[in-house]
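Engineer: The structure under discussion is supplied below as C-alpha cells; questions concerning it will follow.
The values are calculated or read from the model by the stated rules, or taken from the named source; none is laboratory data. Computed from a prediction, not measured in an experiment: that's the story for all the values here. Here the Cβ positions follow ideal geometry from the backbone for every residue, glycine too, while neighbour counts run over all protein chains shown. All accessible areas refer to the heavy atoms of the entire protein, side chains included, with ligands and DNA or RNA removed. Shrake-Rupley method; radii C 1.70, N 1.55, O 1.52, S 1.80 Å.
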Amino acid sequence: MRMWVDTNVDIPLRDGTRLRADIYRAADNRPLPVLVHQPYQNRRSKESLALMVNPINAFDRGYATVLADTRGTWGSDGEWQPFHGQGEDGYDTVEWCAEQPWCNGDVGVYGSSGMGVTALRTAIAAPPHLRAAMLAFTGGTYHDGWAYTSGVLELSWAQWWARVMGAGRLARLPVGAERDALAQRLERARDGWATARHLPLVDGPIPAELSPWYEEWLAHATYDEYWAAVDSAAQAHRITVPVLQVGGYYDVFMPGQLAVGRALATHPDQRVREGSRAVLGPWTHSSYLGNQTTSTGSRNWGPVADSSPRSMTPLLLDWFDTWMAGIAEAPGTPRVRYFVMGEGAWRVADRWPPPSTPLALHLRGGGAANTASGDGMLSTVPAGPDEPADSFRYDPLDPVPTCGGATLAPVELGGDGIQDQARVEARPDVLVYTTEPLAAEVVVAGRIELILHAASDAVDTDFTAKLVDVEPGGFCANISEGIVRARHRDGGDELLEPGTVYEFTIRLFEVAHAFRVGHRIRLEVSSSNFPRFARNLNSTVHPHRATAADAVIATQRVFHTSAHPSRLMLPTLP
C-alpha cells in the first residue's frame, strides 16, 4: 500500500473558521482508521511530525493521519486562546475526518503538552466517531496544575510559554512599524532572568498584544468561572472513549494529569473506566520533545526508562490497535504502570496511587534547623509539648533559587529534574529536617503532604516544601516539592493575622521513589522557589500588583510540639 500526502487542506469549523491540515492517506483512497493530531507550533515541524508517532510509522500500521494546525496558529485561521474552544474545534475536526472517503469512520486523537490539551478537550466534547484518545505530558486542571500551583503562579513556565506563543502571533502580523515595535519588545523579554525579576507582574515586559491570555491568567489568580469552564478533570465524566495517559513525575502538568486519571478510574461508563491506562515515569516535561529521554536532570535511568519516540510510538500504536483495529490487548496488561525511582524498575497497579500505608515523619529539633548543618530532624516519634520553634527571615528580593524540580525552567533559571540541593541547603532561610540513615528501605508512591504549623509576622506569605533523598556520598537529590500561598490556603483569598499560628497543608507532587538503605530522608522548608514560582512580597498589595517598594521582609516561625505537630506524611508501599 502506497501513501499519499494532501497538503494545505481546509477543514471547516462550525463558526466558519478554517484549519489548515496535511493528510497522510492511502494513495488509492482506501478507507483507513484515522489519527488526528493538532499542533500549535507548525504541523510540518520536526516536533509535530515526530512527537509520539510519525505519520509514516502510523501508515505502516494501517492508519491515515491528519495533522491540523490549531486555530489561530501557523496556517489556520482564527484567534488562538489556550484551553477555550479547543474541544469544539476538535469535535468538528474528528467528524469532518469521519466523512472523508479515506476514513473508515473510526478516528483517534493524540497529543502531548499543549497538543494534549486539544486531544483531551476533544475527548470531553465526545464526537460520535471518536474511538480512543492518547494524552502525554499534559494537564487537565488548568488553574491548579498548569498556570498555578496551590495559588502561586508557575512563573518561569508561564512566561516562557507567553514568549513562545507571542512569537507565533508576531509571525502572523503584517510587516510594518507595529510589528517591528512588538518584535523589539518581545526580544527584550527573552532575557528570562530580567523578565522573571520584573515587578509588578501585571506590567511586565511581555507584550500583552502578543500574549493577552497571560494577562488573563494574572487576572484570574483563584479558581473561578474562567477556569471552571475548562476544568477537564471535573468534566471527564463526559468522555466516551478509553484514554491512555503518559506522564512524568518532574512535569509541571503532572498534578492535573493525575486528576484526570482519578476521574477516569471512577468513570460511570465501564468501558472507559476499565479500558483506560496510564504510564507514569521519571521524566521531565521536555522528555516528550526528545530531550532527557532516559534521564531526569542529572540522573540517568538508562534504556529501561526511555521516553523517546522509539519507545512511545509502539506504545501509542498498540493502544490504537486495541480500540480501532480490533487487535486484542496483551493478556495481563496493567491499568497503571509506574516507575519507582531509586529502584530503577517498573511496578504495576490497578489504579494510581497504589494502596499504601501512611508514614508520619515529625519535624523535630532544638530551634536551629537553618541549613543542612542545623539541628532539624525527621522522626517517627512526635515532638513533646515544649520543643522550640524554628525561624527564618524571608526576603522577597533575595529569594531561594529554583534548583531543578517539576518545572520548565532552562538551565540558567535553575534547570529541571534532579539536581544537587547542597547549595540551596546552605542558605539560612532554608530549614532542613533529616532522618538518621535508613536501616530499611522506604518506598513511597502517591500523595505526599506536609502538615505545617507556622506563623508569620506578615499579612501574606508563602511556604515551600521539598522532599530530598540524601545519598551516602552526599548528593542531595530533590524528589518532590510543593508550595502554598497563605492568602489562598483554603482556596479563598484571606490575609493572615500576623503572629497567629496556622495549619498549612502543602501538597507535594506525586512520585514513586525508593529511599534505599543507608540513605536519609530530608525535608526542606522555606518561603520561595524562584523563578519557578512567583515571589510573594509579603504585602497587603496583591502579589501580582506589588512592586519592589511594597516588599516586606517576613519573619517565619515553624512549630513542632504536641500542640502544633508539624509532620511529613509519606504514602509507603510494602
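Engineer: Return the whole-Å distance between the Cα centroid of the stretch 323-382 and the Cα centroid of the stretch 427-462.
Structural biologist: Taking the Cα centre of the stretch 427-462 as reference, the centre of the stretch 323-382 is 16 Å away.
Engineer: What shape does the stretch 349-448 have by the C-alpha gyration tensor, where a ≥ b ≥ c are the square roots of the eigenvalues, rounded means a/c under 1.5, and otherwise prolate means a/b greater than b/c and oblate the rest? All intermediate terms of the calculation are to be shown ahead of the outcome.
Structural biologist: Working: a/c = 2.13, a/b = 1.04, b/c = 2.05.
Here the stretch 349-448 falls in the oblate category.
Engineer: How large is the dipole of the chain about the Cα centre if only Lys and Arg carry +1 and Asp and Glu carry -1, each at its Cβ, rounded to the nearest 20 debye?
Structural biologist: Numbers: 50 positive and 66 negative charges, 237 e Å.
Computed about the Cα centre, the dipole is about 1140 debye.
Engineer: Another question about this same structure. Provide, for q = 0.11, 0.12, 0.13 Å⁻¹, the log10 of I(q)/I(0) from a solvent-free Debye sum over equal Cα point scatterers in the chain.
Structural biologist: Here log10 of I(q) over I(0) equals -1.00, -1.17, -1.33.
Engineer: Can you work out the FRET efficiency for the pair ASN54 and ASP398, with r the C-beta to C-beta distance and R0 = 35 Å, to the nearest 0.05?
Structural biologist: Efficiency for this residue pair is about 0.15.
Engineer: How long is the gain from LEU173 to GLU209 if the chain were fully straight, where each residue apart is worth 0.36 nm and the alpha carbon distance is subtracted? Can you show the working numbers first?
Structural biologist: Working: separation 36, 0.36 × 36 = 12.96 nm, distance 1.10 nm.
Answer, rounded to one decimal: 11.9 nm.
Engineer: A further question on this structure: Classify the stretch 394-475 as rounded, prolate or oblate from the Cα gyration tensor: take a ≥ b ≥ c as the square roots of its eigenvalues, call it rounded if a/c is under 1.5, otherwise prolate when a/b beats b/c and oblate if not. Before the final figure, lay out the partial values.
Structural biologist: Working: a/c = 1.70, a/b = 1.25, b/c = 1.36.
In terms of gyration-tensor shape, oblate.
Engineer: Run through the stretch 388-482 and list the trypsin sites (Lys or Arg not before Pro) located in a DSSP loop whose Cβ has at most 13 other Cβ atoms within 10 Å.
Structural biologist: Values: sites: ARG393, ARG423, ARG447, LYS466; in loops: ARG423.
Passing sites in the stretch 388-482 are ARG423.
Engineer: While we're here: Using +1 on the beta carbon of Lys and Arg, -1 on that of Asp and Glu, and nothing else charged, what's the dipole of the stretch 372-518 about the Cα centre, debye to 20? Please list the in-between numbers first.
Structural biologist: Values: 10 positive and 26 negative charges, 69 e Å.
I would put it at about 320 debye.
Engineer: A further question follows. What residues qualify as long-range amide H neighbours of TYR249, i.e. H under 5 Å apart, gap of 5 or more or another chain, H built at 1.01 Å from N?
Structural biologist: Long-range HN contacts for TYR249: GLY281, TRP283.
Engineer: If you average over every viewing direction, what projected area does the convex hull of the Cα atoms of the stretch 487-574 give, in nm²? Intermediate values should be presented prior to the final figure.
Structural biologist: Values: hull surface 34.3 nm².
The Cα convex hull of the stretch 487-574, projected and averaged over all directions, gives 8.6 nm².
Engineer: Work out the FRET efficiency for ASP28 and ASP318 from their Cβ-Cβ distance, taking R0 = 30 Å, and round it to the nearest 0.05. Working shown, then result.
Structural biologist: Numbers: r = 26 Å, r/R0 = 0.87.
Efficiency for this residue pair is about 0.70.
Engineer: Right, here's the next one. Could I get the Rg over Rh figure for the stretch 145-250? Both from C-alpha atoms, Rh via Kirkwood, rounded to two places. Before the final figure, lay out each step's value.
Structural biologist: On the way: Rg = 16.6 Å, Rh = 15.9 Å.
Rounded to two decimals, Rg over Rh is 1.05.
Engineer: List residues of the stretch 143-157, by number, whose backbone nitrogen lies under 12 Å from a label position 7 Å along Cα→C-beta of ALA234.
Structural biologist: Label zone hits: 143-144.
Engineer: Oh, and also: Determine the percent antiparallel among the DSSP beta bridges restricted to the chain, to the nearest 5. Can you show the working numbers first?
Structural biologist: Details: 80 of 112 bridges.
Close to 70 percent.
Engineer: Hey, can you rank 170-178, 3-11 by average C-beta count inside 10 Å, highest first?
Structural biologist: Working: 170-178: 10.6, 3-11: 14.1.
The most tightly packed comes first, giving 3-11, 170-178.
Engineer: For a Förster distance of 51 Å, can you work out the FRET efficiency between the beta-carbons of ASP77 and LEU438, rounded to the nearest 0.05? The partial results should precede the final answer.
Structural biologist: On the way: r = 59 Å, r/R0 = 1.16.
E between ASP77 and LEU438, to the nearest 0.05, is 0.30.
Engineer: With a probe of 1.4 Å, find how much accessible area the chain has per residue, and write the answer as a whole number in Å².
Structural biologist: Numbers: 20750 Å² over 574 residues.
Normalised by residue count, the accessible surface of the chain is 36 Å².
Engineer: Please report, to one decimal in angstroms, the Kirkwood hydrodynamic radius of the stretch 461-515 built from all distinct Cα-Cα pairs. Mind dumping the intermediate values first?
Structural biologist: Details: mean 1/r = 0.0756 Å⁻¹.
Answer for the stretch 461-515: a Kirkwood hydrodynamic radius of 13.2 Å.
Engineer: Then there is this: Determine the share of the chain's accessible area contributed by carbon and sulfur atoms, expressed in whole percent, with a 1.4 angstrom probe.
Structural biologist: Working: 10690 of 20750 Å².
Ligands and nucleic acids excluded, carbon and sulfur reach 52 percent.
Engineer: Just grab the label-to-label distance for VAL5 and GLU412, each label 7 Å out from Cα along the Cβ direction, in nm (one decimal).
Structural biologist: Result for the modelled spin labels: 3.5 nm.
Engineer: With a 10 Å radius around each residue's Cβ, average the other Cβ atoms per peptide and rank 501-508, 127-134, 353-360, 524-531, highest first.
Structural biologist: Descending packing order for the listed peptides: 524-531, 127-134, 501-508, 353-360.
Engineer: Shifting gears a bit: Taking θ = phi - 60°, what integer Hz values does the Karplus form 6.51 cos²θ - 1.76 cosθ + 1.60 yield along the stretch 46-59, in sequence order, with x for Gly and Pro?
Structural biologist: 4, 5, 5, 7, 10, 5, 6, 7, 8, x, 5, 4, 4, 5
Engineer: For TYR226 and ARG14 in the same chain, what is the full-extension length gain: residue separation times 0.36 nm, less their Cα-Cα distance, in nm? Could the numbers behind the result be given before it?
Structural biologist: Numbers: separation 212, 0.36 × 212 = 76.32 nm, distance 2.26 nm.
Extra length available between TYR226 and ARG14 comes to 74.1 nm.
Engineer: Now for a separate question. Calculate for the chain the 222 nm mean residue ellipticity that helices alone would give, adding -39,500 (n - 2.57) per DSSP H run of length 4 or more and normalising by residue count, nearest 500 deg cm²/dmol.
Structural biologist: Working: 12 runs with 117 residues, N = 574.
Value at 222 nm, helices only: -6000 deg cm²/dmol.
Engineer: Out of the stretch 65-128, which chymotrypsin sites (Phe, Trp or Tyr not before Pro) are coil in DSSP terms and have no more than 12 other C-beta atoms within 10 Å?
Structural biologist: Working: sites: TRP74, TRP80, PHE83, TYR91, TRP96, TRP102, TYR110; in loops: TRP74, TRP80, PHE83, TRP102.
Passing sites in the stretch 65-128 do not exist.
Engineer: Using modelled backbone amide H atoms (1.01 Å from N, in-plane), which distant-in-sequence or interchain residues come within less than 5 Å of GLY297's amide H?
Structural biologist: ILE418
Engineer: Regarding the stretch 1-58, what whole-number volume in Å³ per residue does the convex hull of its Cα atoms give?
Structural biologist: Cα convex hull per residue, to the nearest whole number: 102 Å³.
Engineer: Starting from the Cα gyration tensor of the stretch 188-344, take the square roots of the eigenvalues, sort them a ≥ b ≥ c, and report rounded, prolate or oblate (rounded when a/c is under 1.5, otherwise prolate if a/b is larger than b/c, else oblate). Each step should come with its number before you reach the end.
Structural biologist: Details: a/c = 2.53, a/b = 1.44, b/c = 1.75.
Here the stretch 188-344 falls in the oblate category.
Engineer: Report, by chain and number, residues whose modeled amide H sits under 5 Å from the one on ILE553, excluding near sequence neighbours (fewer than 5 apart, same chain).
Structural biologist: Under 5 Å from the amide H of ILE553 lies no amide H from a residue far enough along the sequence or on another chain.
Engineer: Roughly how many nanometres apart are two label points built 7 Å out from the Cα toward the Cβ at ALA330 and VAL348?
Structural biologist: My value for the distance between the label points is 0.9 nm.
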